[in-house]
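Have a look at the structure below before the remarks.
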Amino acid sequence: MCIDYKRSLAFWTTSFYYLKLVEAVTDQMVGQGNQHVIIGDSAISPEDYEEQTKWSDHNISLPLLYNFYHGVELLLKGFVLLKNTNQNPKLNHKIEQLLGDFKSQFSKEAEQIAILEKYVSSNPKIEPLKSFFDSTKITPNMFYQALRYPYDVKFNEFRHIDLKYRGFDGVQFYRELINDIKRLRQLSVALGRSFEPKVANWLKRDWLSAVLKSSPLAKTSCMNK
């Protein structure tokens, strides 16, 4: 079994940049209450309204969820590539397929799989994702288009309205999302680190081989499990 730990580590690290961004922004949304109706004793100017709703889902849900799915995509690619014997594998954005590969390769990671399936399965049950994917008749495989563009390539509209103006229900969803991201990162770090002893043994073997042969340490990106 060929393990490219350095390559996978790069994917995990980049994934965490996106997931931490989502955590930080989502925390602001929850703190502000995800308001879209503002009531005051005096007239509310457009500037006041924008300031008080700048973290609300009708303003930021699309880029927020896109970054979340992109972070998950990178995370899954890091694990799938870990056991991929092809040094130049073909990658795509089919996140459901990546989850299937992860489940096949890491079937014992039940908690991690359960969190991922909540958002990445072909028919997510959690709102507002269920309404969005159902009304648009797509699955998370299409996130790369659906959360970046108003229409698909045939100019069918993506119903982004289903992700907006969720109010208190949206707060509940995003609180759960924050907790899931934190737990997902913890589980992913633990799983990734479980391969570190194998990396250390590989480096020790390679160093000893180079010394015995009195030759420079050969560059390599692959090790045997």
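Quick notes on this one:
- For S135: the one exception among (1) at pLDDT 95 or above; (2) over 17 Å from the mean Cα position of the chain (by Cα): (1)
- Residue in the stretch 105-118 that is surrounded by 14 or more Cβ atoms within 10 Å (Cβ to Cβ) and of a type in the set (K, R) present: yes
- Pairs linking a residue in the stretch 152-178 that is in contact (Cβ under 8 Å) with a residue 60 or more places away in the chain to a residue that is in a helix (DSSP H, G or I) and loosely packed, with under 14 Cβ neighbours inside 10 Å, with Cβ atoms under 9 Å and 6 or more positions apart or on different chains, do not occur.
- Residue check for N179: in the same structural domain as E23 (by TED's automatic domain parsing) and modelled with pLDDT under 95: no
- Considering only residues in the stretch 189-224 that are among the hydroxyl-bearing types (S, T, Y) and within 15 Å of K6 (Cα to Cα), the one that is modelled with the highest pLDDT turns out to be S194.
- Those residues of the stretch 122-143 which are buried (at least 17 other Cβ atoms within 10 Å of the Cβ), more than 17 Å from V171 (Cβ to Cβ) and not aliphatic (A, V, I, L, M), in sequence order: P124, F132, F133, T136, T139, P140, N141, F143
- With respect to (1) more than 20 Å from V25 (Cβ to Cβ); (2) part of a loop (DSSP other than H, G, I, E, B); (3) in contact with a Phe, Trp or Tyr (Cβ under 7 Å, 6 or more places away or on another chain), the lone exception for F102 is condition (2).
- Qualifying helices (runs of 4 or more DSSP H) (wholly inside the stretch 1-87; at least 2 residues being buried (at least 17 other Cβ atoms within 10 Å of the Cβ)): 5-32, 57-82
- Any chance N92 is under 15 Å from the mean Cα position of the chain (by Cα) and at pLDDT below 95: yes
The values are calculated or read from the model by the stated rules, or taken from the named source; none is laboratory data. None of the values given here were measured: they were computed from a predicted structure. Because the Cβ atoms are built from the backbone with ideal geometry, glycine has one as well, and the counts that use them run over all protein chains shown.
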